[in-house]
1. Taking the simple approach of a point 7 Å from Cα along Cα-to-Cβ for both residue 12 and residue 78, what is their distance in nm?
2. Roughly what % of DSSP beta bridges within region 54-135 run antiparallel, to the nearest 5?
3. Once phi is turned into θ = phi - 60°, what whole-Hz ³J(HN,Hα) does the Karplus curve with 6.51, -1.76 and 1.60 give for every residue of region 195-212, x standing for Gly and Pro?
4. Can you grab the distance from the C-alpha centre of region 162-192 to the C-alpha centre of region 11-49, Å, no decimals?
5. Can you give the FRET efficiency to the nearest 0.05 for residue 126 and residue 45, using r as the Cβ-Cβ distance and R₀ = 25 Å?
6. Label residue 38 and residue 192 with points 7 Å out from Cα along Cα→Cβ: what is the distance between them in nm?
7. Using only the alpha-carbon atoms of region 120-212, report the extent along each of the three principal axes, biggest first, to the nearest angstrom.
8. At what distance in nm do the modelled label points of residue 71 and residue 31 sit from each other, each positioned 7 Å from its Cα along Cα→Cβ?
Amino acid sequence: MDLFIASNIGQQRLGPGSVLLPGLALANERALLAAVKAIEAESPFRNMVTPGGFEMSVAMTNCGHLGWVTDRSGYRYDTVDPMTCKPWPVIPSVFLELAASAALAAGFAAFSPDACLINRYETGARMSLHQDKNEIDFSQSIVSVSLGVPAIFQFGGFKRTDKTQRILLSHGDVLVWGGPDRMRYHGILPLKQNHHPLLDSQRLNLTFRKAG
Ligand code: MD6
Ligand code: FE
């Protein structure tokens, strides 16, 4: 019973398929950040260009068999990093273990991601409202880990113009979503100037998916 309670406190249901697990990543913060450093040494962060020709304010890299990329020809997953012309770095075990335990805590057993998009925000960087729809199987949930400076996540509806809820995502928070919420529009408001002891003015977001 104590275990049951311990695993359920600090779970916040945001929708029928969405759960916020505040602070779930805190215990592994240093290992997670060391793993990001190793990944970026292989596949550096870069500001990709949208199909419409705009440079994204968020810098991105990936690890895993598939990496999410955008350029003038469109949005897609690719097994090769277009910057290095090599496969993306492998997903480190500390990432996989966190993603699987978060999914399990949210009620999705056996989550085995093949893609991890890493977003890096500096002050003012934002992500406009979008749906995640480049994956093959929309029945698979997504696990999203926030590190560093807190950000306001906009959680909308199934149309871009639907009203959005604002959810604060702080260092160590893990958001798991899928099921009926999988195609909801969402975004990140411009990052406020702030300081985090491990990441200075930055925010990192790791988004785990079964993309292929
Ligand atoms: C971010 N996250 O938190 C952007 N997408 O920086 C996303 O776009 C996102 O957090 C799908 C599922 C969870 C997410
Ligand atoms: Fe998204």
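None of the figures in this text is laboratory data; all of them are computed from the coordinates on show. All values reported here derive from a predicted model rather than from experimental measurement. We place every Cβ from the backbone using ideal geometry, glycine too, and count neighbours over all the protein chains shown.
1. Computed distance between label sites residue 12 and residue 78 equals 3.7 nm.
2. Values: 12 of 13 bridges.
Counting DSSP beta bridges with both partners in region 54-135, the antiparallel share is about 90 percent.
3. Once rounded to whole Hz, the list reads 9, 10, x, 9, 10, 6, 9, 9, 10, 10, 9, 9, 10, 9, 9, 9, 8, x.
4. 14 Å
5. Efficiency computed from Cβ-Cβ geometry: 0.95.
6. 3.5 nm
7. 37, 28, 17
8. 3.6 nm
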